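Q: One structure is given below, represented as structure tokens, and several questions about it will come after.
The values are calculated or read from the model by the stated rules, or taken from the named source; none is laboratory data. No experiment lies behind these values; they were computed from the predicted model shown. When we count neighbours, we look across all protein chains shown, and the Cβ atoms used for this are built from the backbone with ideal geometry, even at glycine.
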């Protein structure tokens, strides 16, 4: 009897592609996978659905496009910005509802999450996009990326963003200007992420060209990866959330408190898996999951903002 859940290596063999291709597709939100205790697992049924609409010769040279049938009540697809609370919610939903409802999160960055909604490839998206002209978060971007879609914007949490740096560099680094003057090695986030856009905004305010920043092109996809790169001496500093700095015992220099919100098309609110997610967001269990993560403010969690 074939087993339902596959490892990344088994998926690579099943699709006849390199294992690195599997991880890249998952990272880009084009292959449904979920992390359980740090390891990626994949549903054989969902992989088969994709094979029906994507030939293998295209897979080797082009990103996969999700099949429309994936967007149903038996799975929850979340795209967008990386967040520790979202990861905890995913773990809880997997424990409580798998295999009946499988929860997948693709760390595509905030802009990637909005694109996924526009293309019908996700049920909801996590975003934290600062709009310098209006000094507002997220709402201005809805008009640009989802102009014809009726959406709701739910607040997940406010969280503190700042520079994470190695303790030995803490006496030398005080702010964005030191990226150049102190020749610090930066670990950056991927293009389209809210954190990357925030860094670019800070550099612009200081009149600093990204080309002058050592490590600007060194990109990772999660806040924890930023922290681990610094912890392992692969970088001196990176922009990330306070909770990661505290978790890894790294120095944190706060820059701003940002709003992390959830965008959901109204048409998706009737889907069972989406209802399960928002039931969790509005429950006492949510506050237990969020726990005592440093730098988070949950006072307006679950509130509809737009």
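Q: Identify, please: which residue in region 171-185 is out of contact with any helix residue (DSSP H, G or I) (no Cβ under 6 Å at 6 or more places or on another chain) and at pLDDT 90 or above and is, among those, nearest to residue 221 (Cα to Cα)?
A: Checking each candidate, the answer is 185.
Q: For the subset of region 257-271 comprising residues that are surrounded by 14 or more Cβ atoms within 10 Å (Cβ to Cβ) and touching a helix residue (DSSP H, G or I) at 6+ places or on another chain (Cβ under 9 Å), which member is nearest to residue 178 (Cα to Cα)?
A: 258
Q: Out of all the residues in region 15-36, which are modelled with pLDDT of 75 or more and either part of a strand (DSSP E or B) or crowded, with 16+ Cβ neighbours inside 10 Å (or both)?
A: Listed by number, the residues that qualify are 15, 17, 21, 22, 23, 25, 26, 31, 32, 33, 34.
Q: For region 219-234, give me each residue that is touching a residue at least 60 places away in the same chain (Cβ under 8 Å) and not in a helix (DSSP H, G or I).
A: Across region 219-234, the qualifying residues are 221, 222, 233.
Q: Please go through region 114-157 and give me each residue that is surrounded by fewer than 20 Cβ atoms within 10 Å (Cβ to Cβ), out of contact with any helix residue (DSSP H, G or I) (no Cβ under 8 Å at 6 or more places or on another chain) and not in a helix (DSSP H, G or I), ordered by number.
A: Those that are surrounded by fewer than 20 Cβ atoms within 10 Å (Cβ to Cβ), out of contact with any helix residue (DSSP H, G or I) (no Cβ under 8 Å at 6 or more places or on another chain) and not in a helix (DSSP H, G or I): 119, 135, 136, 147, 148.
Q: Being outside any helix (DSSP H, G or I), under 25 Å from residue 295 (Cα atoms) and modelled with pLDDT of 90 or more is the requirement here; does residue 85 meet it?
A: no
Q: Please go through region 184-201 and pick out each residue that is surrounded by fewer than 18 Cβ atoms within 10 Å (Cβ to Cβ) and touching a strand residue (DSSP E or B) at 6+ places or on another chain (Cβ under 8 Å). Walk me through how you get there before you give the answer.
A: From region 184-201, those surrounded by fewer than 18 Cβ atoms within 10 Å (Cβ to Cβ) are 191, 200-201; that's our starting set.
Those that are surrounded by fewer than 18 Cβ atoms within 10 Å (Cβ to Cβ) and touching a strand residue (DSSP E or B) at 6+ places or on another chain (Cβ under 8 Å): 191, 201.
Q: Same structure, new question: For region 177-198, give me the residue count where each residue is without any contact (Cβ under 8 Å) to a residue 40 or more places away in the chain and either within 15 Å of the chain's Cα centre (by Cα) or within 29 Å of residue 141 (Cβ to Cβ) (or both).
A: Number satisfying all stated conditions: 1.
Q: Also, I was wondering about something else. Can you tell me which residues in region 272-300 are out of contact with any helix residue (DSSP H, G or I) (no Cβ under 7 Å at 6 or more places or on another chain) and part of a loop (DSSP other than H, G, I, E, B)?
A: 282, 283, 291, 292, 299, 300
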